[in-house]
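The values are calculated or read from the model by the stated rules, or taken from the named source; none is laboratory data. The structure displayed is predicted, hence computed values, not measured ones. Cβ placement follows ideal geometry from the backbone for every residue including glycine, while neighbour counts extend to all protein chains displayed. For accessibility, only protein heavy atoms count, side chains too; no ligands or nucleic acids. Shrake-Rupley method; radii C 1.70, N 1.55, O 1.52, S 1.80 Å.
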Amino acid sequence: MPASYAYLGPEGTFTEVALRTLPETATRELIPYVSVQSALDAVRAGEAEAAFVPIENSVEGGITTTLDELVAGAPLMIYREVLLSITFALLVRPGTKLSDIKTVSAHPAAQPQVRNWLKKNLPDAHWESAASNADAARLVQEGQYDAAFAGEFAAARYGLEALESGIHDAENAQTRFVLVGRPARPAAPTGADKTSVVLWQRDDHPGGLRDLLGEFATRGINLMVLQSRPTGAGIGNYCFCIDAEGHISDRRVAEALMGLKRICLEVRFLGSYPRANMKPGDVQPPRLGTSDEEFVSASDWVARCQDGRF
């Protein structure tokens with residue numbers, strides 16, 4: 001496998017900045033790709049060891065392109081996550097004034113994060129979506145658009161200047177990025193992990209979602225993300241993308257996954273990996289009997305009963 005990481009490019013994206021926070025990138029070739037799909041396909045094809053892509057932001061929620069790529073196609077696994085605080089700069093060609101701007105561009109996920117600023121400062125500007133914020137900067141450099149919302153660090157790379165900086169509608173906005181590779185044994189638990197899965201129901205019935213969530217609730221497992229995505233099989237057909245606290249090697253998490261496997265049409269395991277903030281998850285009080293120790297003790301008791309050792 002090539003010692004390279006694919007990422008959503010071109011150079012100068014927030015994705016690249018977040019990726020470079022991983023220590024191992026010092027020994028990897030970092031290759032930009034034009035889309036999330038092409039970066040993940042490079043991993044599936046064996047052209048890259050892993051891909052680094054955005055999956056969620058704190059303003060708009062899940063990055064649907066990434067979620068849909070993980071739901072469909074050959075299975076992939078998440079191995080790491082990174083949180084990056086996001087603020088935008090308005091990048092323009094040198095000499096451009098605010099009154100000159102008629103068109104602006106950025107990745108679609110950026111629009112909800114600058115919508116109010118845009119309405120207040122450039123109410124008549126026409127928005128054009130780009131494959132990434134850095135690609136929007138490149139298009140401004142080429143003269144296709146007047147301005148781009150991107151990281152201020154991208155200005156020098158594309159010969160632009162920041163007309164405005166520190167732009168954000170929501171304080172403390174963050175984007176979550178994930179390192180995705182081909183399926184393998186998950187890393188050892190750290191005590192501050194999360195587990196990601198995709199669930200498909202066998203059929204649509206009253207209480208169906210409750211049944212799925214009950215597998216987590218009865219074991220005291222906290223859910224961090226719950227999102228539905230269309231399956232493509234028609235209106236009303238959805239699968240559920242879930243992030244839960246804990247690691248698959250935790251007894252209570254493993255038993256929840258086994259329960260889901262019994263009742264779901266399909267379960268896709270997307271990995272167990274360290275949480276970016278390394279904050280340990282908690283068994284939810286006041287529910288009793290939900291610690292790993294209690295699950296192990298109960299399992300040992302059943303084994304003794306089966307052996308006549310009770």
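With the simple spin-label model, which puts each label point 7 Å out from Cα in the Cβ direction, the Ala298 to Leu226 separation comes to 2.0 nm.
When nucleic acids and ligands are ignored and a 1.4 Å probe is applied, Ile101 ends up with an accessible area of around 10 Å².
Treating the beta-carbon of each Lys and Arg as +1 and of each Asp and Glu as -1, no other charges, what is the dipole magnitude of the chain about its Cα centre, to the nearest 20 debye? List each step's numbers first, then the result.
Values: 30 positive and 39 negative charges, 86 e Å.
My answer is approximately 420 debye.
Taking every C-alpha pair closer than 8 Å and separated by at least 6 residues, the mean separation divided by the residue count of the chain gives a relative contact order of 20 percent.
The residues of the range 7-90 present an accessible area of 38 Å² per residue when probed at 1.4 Å with all protein chains retained.
With kT/(6 pi eta Rh) evaluated at 4 °C and eta = 1.567 mPa s, and Rh the Kirkwood radius from Cα pairs, the range 103-214 diffuses with a coefficient of 73 µm²/s according to Stokes-Einstein.
Computed over the range 48-140, the P(r) tail beyond 20 angstrom holds 47 percent of alpha carbon pairs.
FRET efficiency for the pair Asn237 and Arg262, taken as 1/(1 + (r/R0)^6) with r the Cβ-Cβ distance and R0 = 25 Å, rounds to 0.75.
Using a 1.4 Å probe and counting only protein heavy atoms, arrange Thr27, Thr190, Thr103 so the residue with the most accessible area comes first. Show your work: numbers first, answer last.
Details: Thr27 100, Thr190 70, Thr103 35 Å².
Largest to smallest exposure gives the sequence Thr27, Thr190, Thr103.
Among beta bridges identified by DSSP and lying wholly in the chain, the antiparallel ones come to about 75 percent. Partners of Lys279 within straight-line reach, counting lysines whose Cα lies under 26 Å from its Cα and excluding those fewer than 8 residues away in the same chain: Lys194. Note on the range 93-137: Cα-Cα pairs beyond 17 Å make up 32% of the total pair count.
Rounded to the nearest 20, the Cβ-based charge dipole of the range 1-111 about its Cα centre (Lys and Arg +1, Asp and Glu -1) stands at 400 debye.
Only helical runs count toward this figure. For the chain, summing -39,500 (n - 2.57) over DSSP H runs of n ≥ 4 and dividing by all residues gives -8000 deg cm²/dmol at 222 nm.
Taking the Cα centre of the range 187-287 as origin, sum charge times position over the Cβ atoms of Lys and Arg (+1) and Asp and Glu (-1), and report the length of that vector in debye to the nearest 20.
Values: 13 positive and 11 negative charges, 25 e Å.
Roughly 120 debye for the range 187-287.
In whole Å, how far is the Cα centre of the range 145-218 from that of the range 61-124? The two parts, judged by their Cα centres, are 13 Å apart.
For the chain, the pair-distance distribution built from all alpha carbon pairs, in bins 20 Å wide starting at 0, is 30, 50, 18, 2, 0 percent. Of the heavy-atom accessible surface of the chain (probe 1.4 angstrom), what whole percent is carbon and sulfur? Carbon-and-sulfur percentage of accessible area, whole number: 51. Remark: accessible surface ordering of Met77, Met224, Met258 (largest first) is Met258, Met224, Met77, probe radius 1.4 Å.
Per residue Cα convex hull volume for the range 1-156, in cubic angstrom? The partial results should precede the final answer.
Working: hull volume 17.6 nm³, N = 156.
Dividing the Cα hull volume of the range 1-156 by its residues yields 113 Å³.
Ligands, DNA and RNA aside, Ser99 has an accessible area near 80 Å² when probed at 1.4 Å.
Per residue, the range 174-255 exposes 47 Å² of solvent-accessible protein surface, assessed with a 1.4 angstrom probe and all protein chains in place. Listed by chain and number, the lysines whose C-alpha is less than 18 Å from the C-alpha of Lys120, apart from same-chain residues fewer than 8 away, are Lys97, Lys102.
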